[in-house]
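Down below is the structure, laid out as structure tokens.
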Amino acid sequence: MSRFRVMLWAVSALSGWLVVAGVSAAAESASPSRLNILFIMSDDHAYQAISAYGHGLNQTPNIDRLAKEGMLFRSCFVTNSLCGPSRAVVLTGKYGHLNGFTRNGDRFDGSQQTVAKLLQQAGYQTAIIGKWHLETDPTGFDQWEVLFGQGPYYNPAMKTPHGRVAHEGYTTDIITDLALEFLKNGRDKNRPFFLMYHHKAPHRNWCPGPQELDLFKDVTIPEPPTLFDDYANRGRAAHEQEMTISRHLTPLDLKLVPQKEKFAPDQAERFYNAYAEENKAFKEANLQGEELVRWKYQRYIKDYLRCVAGVDRNVGRVLDYLDDSGLAQNTVVIYTSDQGFYLGEHGWFDKRFMYEESFRTPLLVRWPGHVHPGSVCEKLVMNLDFAETFLDIAGAPIPDDMQGRSLKPLLEGRDVPDWRTSMYYRYYEYPAVHMAHKHYGVRTERYKLIYFHDIDEWELYDLAKDPHELHNVYGDPAYAQVTAELKAELQRLKTLYQDDDTIRGVPVTAASR
Ligand code: SGN
Ligand code: CA
């Protein structure tokens, strides 16, 4: 080869390589299939207890990073405010009456279509670590390590495809250690990952970790305005529930008696010492009436917020690792909870009801280069939309039988004129712990109509005038027109979502399910 020819060859080879390299680099950065998805879900984490939502109860600087660097959804709701049912909806993109899981204790049919399986088919490495609570073993995950049922706060045993693994330490830390281990060493670097990183905290009975036990010691947490709600103007459901701070928190919940946790001796000493002085003063004070409720509220909310602080600290560890490893740029991070929670509103703890605090759930999403940092979305979105969103982000097709809608256009700040303006809700678990009556209903931007069908009672709230839902205006002639419209909308949604009062074809009868 002449020198000239060699030069030409070298130039063309180089430019060819550059073209190939250029194309593949462009394809890689443009290809949505290369994006990793990190889905962080805590258990019972109320939006009121995330400082980005502005309720002033606590500080969650790490979770707040997702709002600062991404989008905060102000109106995210669940289809059924309960753990197992919510998780089944996230996996399937379908209401409980179609995925078959409507109440805790049901067994999830793992043979059905799930987002994990679909992402696997799209070339993703899939993993779930932490709370699962669906009774049957996970399917569609390349790797899994989950708590047995609710799992404890300390020294959890976990279930894996290879059997039971014992861990020592605080569960929130351990679930994070395992998630980090997956990110560092468990990952197949040739495939994008879908990791479901699920905390047990801050679920009842709110046992803080060693690092958070002394938080909030000398402060008084603000009380919600409805702590002493007397349920006047409300029906039987609000009167008959068993989730009040005044009567239903137990000595175990309040850390007044030895805990069920299997503490190591040093953990036990640290734990009980943290409460000893206050418990002594409490016993001497012999509080009664409202004073007693106030004391219980402080004990409850402080333990709850301590558990949240543990979650936040651990979310920080994961976000730091994404930064340090360079994964942050190519990873969509989602933070949510399986449902909302009452932090003393209406005098309650727990969830289940279609009233705002438990119907809503937090949602924060960071997606570098796609989601405008610091953006806020007010649209009515649901956990029903999550599976569709993951698939859309991954560039995988969304099956027609999924019932939600991808949030991708909202995340990208696009105007979606035909976005939903009403939502359908249905709760099944009665009689059961906390005795929240069965109900279904519709919520629009302004109104909420609830039908407690087993006791044949309707409730209607005008959220613009009554954001705390203290005045049931059902039957008020001024709302006759609105009521008629909402009833029609409720029926439309029931039909749309194929709820024919069966669960996968088996009738839901008033007395049994
Ligand atoms: C346990 C709790 C309840 C809680 C359910 C469901 N009691 O039974 O307070 O409502 O779980 O929670 S406890 O004393 O055992 O903690 S869920 O988040 O799993 O749906
Ligand atoms: Ca829960």
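The values are calculated or read from the model by the stated rules, or taken from the named source; none is laboratory data. Remember, predicted model here, so these are calculated numbers, not experimental data. Using ideal geometry, Cβ is built from the backbone for each residue, glycine included, and neighbour counts are taken over all protein chains shown. Heads up: the accessible areas ignore ligands, DNA and RNA and are worked out on the full protein's heavy atoms, side chains in. Shrake-Rupley method; radii C 1.70, N 1.55, O 1.52, S 1.80 Å.
In the stretch 344-370, how many are within 14 Å of ligand 2 (Cβ to nearest atom) and within 16 Å of the chain's Cα centre (by Cα)? Lay out the reasoning, then the answer.
Taking the stretch 344-370 first, the residues within 14 Å of ligand 2 (Cβ to nearest atom) are 349-353, 357-362.
After this cut, where a residue has to be within 16 Å of the chain's Cα centre (by Cα) as well, the list is 350-353, 357-362.
Count: 10.
Just wondering, is there one or more residues in the stretch 63-73 that are in contact with a Leu (Cβ under 6 Å, 6 or more places away or on another chain) and under 22 Å from P222 (Cα atoms)?
No, there is no match, as no residue in the stretch 63-73 is in contact with a Leu (Cβ under 6 Å, 6 or more places away or on another chain) and under 22 Å from P222 (Cα atoms).
With the checklist (1) in a strand (DSSP E or B); (2) open to solvent by less than 10 Å² (accessible area, probe 1.4 Å) in hand, flag the one item L134 doesn't pass.
(1)
Hey, among the residues in the stretch 317-345 that are away from ligand 1 (no atom under 16 Å from the Cβ), outside any strand (DSSP E or B) and aliphatic (A, V, I, L, M), which one's surrounded by the fewest Cβ atoms within 10 Å (Cβ to Cβ)?
L327
Can you say whether D214 is farther than 30 Å from F141 by Cβ and either away from ligand 1 (no atom under 13 Å from the Cβ) or open to solvent by 70 Å² or more (accessible area, probe 1.4 Å) (or both), as far as the supplied structure shows? Quick ask: steps written out before the conclusion?
Working: farther than 30 Å from F141 by Cβ: yes; either away from ligand 1 (no atom under 13 Å from the Cβ) or open to solvent by 70 Å² or more (accessible area, probe 1.4 Å) (or both): yes.
Considered against the rule, which asks whether it is farther than 30 Å from F141 by Cβ and either away from ligand 1 (no atom under 13 Å from the Cβ) or open to solvent by 70 Å² or more (accessible area, probe 1.4 Å) (or both), D214 comes out as yes.
Picking from E378, E412, E357, which residue would you name as being in contact (Cβ under 8 Å) with a residue 40 or more places away in the chain, closer than 18 Å to I450 by Cβ and open to solvent by 10 Å² or more (accessible area, probe 1.4 Å)? Please lay out each step first, then the result.
Working: E378 fails: closer than 18 Å to I450 by Cβ; E412 fails: closer than 18 Å to I450 by Cβ.
Exactly one of E378, E412, E357 is in contact (Cβ under 8 Å) with a residue 40 or more places away in the chain, closer than 18 Å to I450 by Cβ and open to solvent by 10 Å² or more (accessible area, probe 1.4 Å), namely E357.
Going by the structure shown, is F182 more than 16 Å from ligand 1 (Cβ to nearest atom) and either under 24 Å from the mean Cα position of the chain (by Cα) or assigned to a helix (DSSP H, G or I) (or both)? Walk me through it before giving the result.
Numbers: more than 16 Å from ligand 1 (Cβ to nearest atom): yes; either under 24 Å from the mean Cα position of the chain (by Cα) or assigned to a helix (DSSP H, G or I) (or both): yes.
Yes.
For the stretch 385-406, name all the residues that are out of contact with any Lys or Arg (no Cβ under 7 Å at 6 or more places or on another chain) and among the hydrophobic types (A, V, I, L, M, F, W, C).
Hits for the stretch 385-406 are F386, A387, F390, L391, A394, A396, I398.
Please work out which one of (1) surrounded by fewer than 18 Cβ atoms within 10 Å (Cβ to Cβ); (2) more than 30 Å from G70 (Cβ to Cβ); (3) basic (K, R) is the condition R299 fails and give its number.
(1)
Of the numbered conditions (1) aliphatic (A, V, I, L, M); (2) part of a loop (DSSP other than H, G, I, E, B); (3) buried (at least 21 other Cβ atoms within 10 Å of the Cβ), L287 satisfies every one except a single condition; which is it?
In the conditions (1) aliphatic (A, V, I, L, M); (2) part of a loop (DSSP other than H, G, I, E, B); (3) buried (at least 21 other Cβ atoms within 10 Å of the Cβ), L287 misses (3) alone.
So, of the residues in the stretch 225-255 that are buried (at least 16 other Cβ atoms within 10 Å of the Cβ) and within 15 Å of N205 (Cβ to Cβ), which turns out to be nearest to ligand 2 (Cβ to nearest atom)?
Ranking the candidates gives M243 first.
Would you confirm whether any residue within the stretch 103-119 is under 16 Å from the mean Cα position of the chain (by Cα) and over 18 Å from K351 (Cα atoms)?
Looking for residues that are under 16 Å from the mean Cα position of the chain (by Cα) and over 18 Å from K351 (Cα atoms), one finds none in the stretch 103-119, hence no.
May I ask you to list pairs of residues, at least six apart or on different chains, whose Cβ atoms are under 6 Å apart, with the first in the stretch 38-58 being within 8 Å of P362 (Cβ to Cβ) and away from ligand 1 (no atom under 16 Å from the Cβ) and the second being at pLDDT 95 or above and open to solvent by 10 Å² or more (accessible area, probe 1.4 Å)?
So the pair list comes out as Y53/Y47.
May I ask you to verify whether V89 is within 16 Å of ligand 2 (Cβ to nearest atom) and in contact (Cβ under 8 Å) with a residue 12 or more places away in the chain? Talk me through it step by step, then tell me what you get.
Values: within 16 Å of ligand 2 (Cβ to nearest atom): yes; in contact (Cβ under 8 Å) with a residue 12 or more places away in the chain: yes.
It is true that V89 is within 16 Å of ligand 2 (Cβ to nearest atom) and in contact (Cβ under 8 Å) with a residue 12 or more places away in the chain.
Before we move on, is A116 open to solvent by less than 10 Å² (accessible area, probe 1.4 Å) and over 18 Å from A387 (Cα atoms)?
On the way: open to solvent by less than 10 Å² (accessible area, probe 1.4 Å): yes; over 18 Å from A387 (Cα atoms): no.
In short, no.
Check off (1) more than 24 Å from L343 (Cα to Cα); (2) more than 16 Å from ligand 1 (Cβ to nearest atom); (3) aliphatic (A, V, I, L, M) for V89 and give me the number that stays unchecked.
Here V89 clears every test but (2).
The rows are residues; the columns are (1) touching a helix residue (DSSP H, G or I) at 6+ places or on another chain (Cβ under 7 Å); (2) without any contact (Cβ under 8 Å) to a residue 12 or more places away in the chain; (3) within 13 Å of ligand 1 (Cβ to nearest atom).
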| site | (1), (2), (3) |
| --- | --- |
| P192 | yes, no, no |
| L195 | yes, no, no |
| P208 | yes, no, no |
| I221 | yes, no, no |
| P225 | no, no, no |
| D230 | no, yes, no |
| E240 | no, no, no |
| P251 | no, yes, yes |
| A274 | no, no, no |
